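Asker: Before we start, here is the structure in question, set down as structure tokens.
Just so it is clear, none of the values below were taken in a lab; they were calculated from the coordinates. Please read all numbers here as calculations on a predicted model, not as lab measurements. Cβ: placed from backbone, ideal geometry, glycine included. Neighbour counts: every protein chain shown.
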Ligand code: PGA
């Protein structure tokens, strides 16, 4: 399998109301008038906006959700199934984001079950991994990341239905980023683990970097070996900022 197509993905988190569709439309306009970027573009709004966004997103922008339940349906008040997300017109779902792991106590086992649910509903699962600052300071970055990775990738995973996002927890929303060399080291370890898992096809699984990506650092971070795109939080909320990150994939 060849090198992956890069993905620039926006994670809107708990932000956005119906009127925010204007931001999606602004992004579409920018994509239309600017040179074509050599990456896939994805927006993951809150559940309430999935259907509306999917209805207008068109060919150029894919839509994803930020979480899903492990079950297909049933008595799970307040939860959303992967099938519902697919039915809303989305093609992706983020699972195991560090905010889910910390705010909701999600373990890698649970994340793997969610990824199974996603992949069984024909969604691509964006499986997030990343170390805390204390873990980094203790020199445990690689062991933590590889442990999360191995335990969060389910049996249903293939190189085609899986995307990995490496997001150091201490870099999320803080304006701080690892050095390109640190990113390169972690992404190389993730790639090696994916090749153990998927054989040759492991080379084709996109590995996104996430954590304080913005227009001013995107080019440098996206140039790192084995970085196949970005998972962007804060800077994905404004079309001009997000498009400034997409610029890293324009000639
Ligand atoms: P940030 O968030 O870009 O605001 O740091 C990234 C993420 O949590 O996916």
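Asker: Relative contact order of the stretch 207-251: what whole-number percent is it, with Cα pairs under 8 angstrom and at least 6 residues apart?
Answerer: 47 percent
Asker: Right, something else. Restricting to Cα pairs below 8 Å that are 6+ residues apart, what does the relative contact order work out to for the chain? Please round to a whole percent.
Answerer: 23 percent
Asker: Jot down the radius of gyration and Dmax of the stretch 1-84, Cα atoms only, both in angstrom.
Answerer: 14.7, 48
Asker: Here is a follow-up. I need the peptides 101-108, 56-63, 88-95 ranked by packing, meaning the mean over residues of other C-beta atoms within 10 angstrom, with the highest value on top.
Answerer: Result, highest mean first: 88-95, 56-63, 101-108.
Asker: At 222 nm, what helix-only mean residue ellipticity would the chain give, in deg cm²/dmol to the nearest 500, using -39500 (n - 2.57) for each DSSP H run of four or more?
Answerer: -11500 deg cm²/dmol
Asker: Still on this structure, please answer the following. Please list 8-19, 43-54 highest first by mean number of surrounding beta-carbon atoms within 10 Å per residue.
Answerer: 43-54, 8-19
Asker: Which value in nm describes the separation of the simple spin-label points at residue 216 and residue 5, placed 7 Å from the Cα toward the beta carbon?
Answerer: It works out to 3.3 nm between the two label points.
Asker: Would you mind checking the radius of gyration and Dmax of the chain based on alpha-carbon positions, in Å?
Answerer: Rg and Dmax of the chain, Cα atoms, are 16.7, 50 Å.
Asker: If you don't mind, there's one more thing I want to ask. Hey, any idea what Rg/Rh is for the stretch 52-96, computing Rh the Kirkwood way over Cα pairs?
Answerer: Here the Rg-to-Rh quotient is 1.01.
Asker: Counting alpha carbon pairs within less than 8 Å and at least 6 residues apart, what relative contact order, in whole percent, applies to the stretch 167-244?
Answerer: 34 percent
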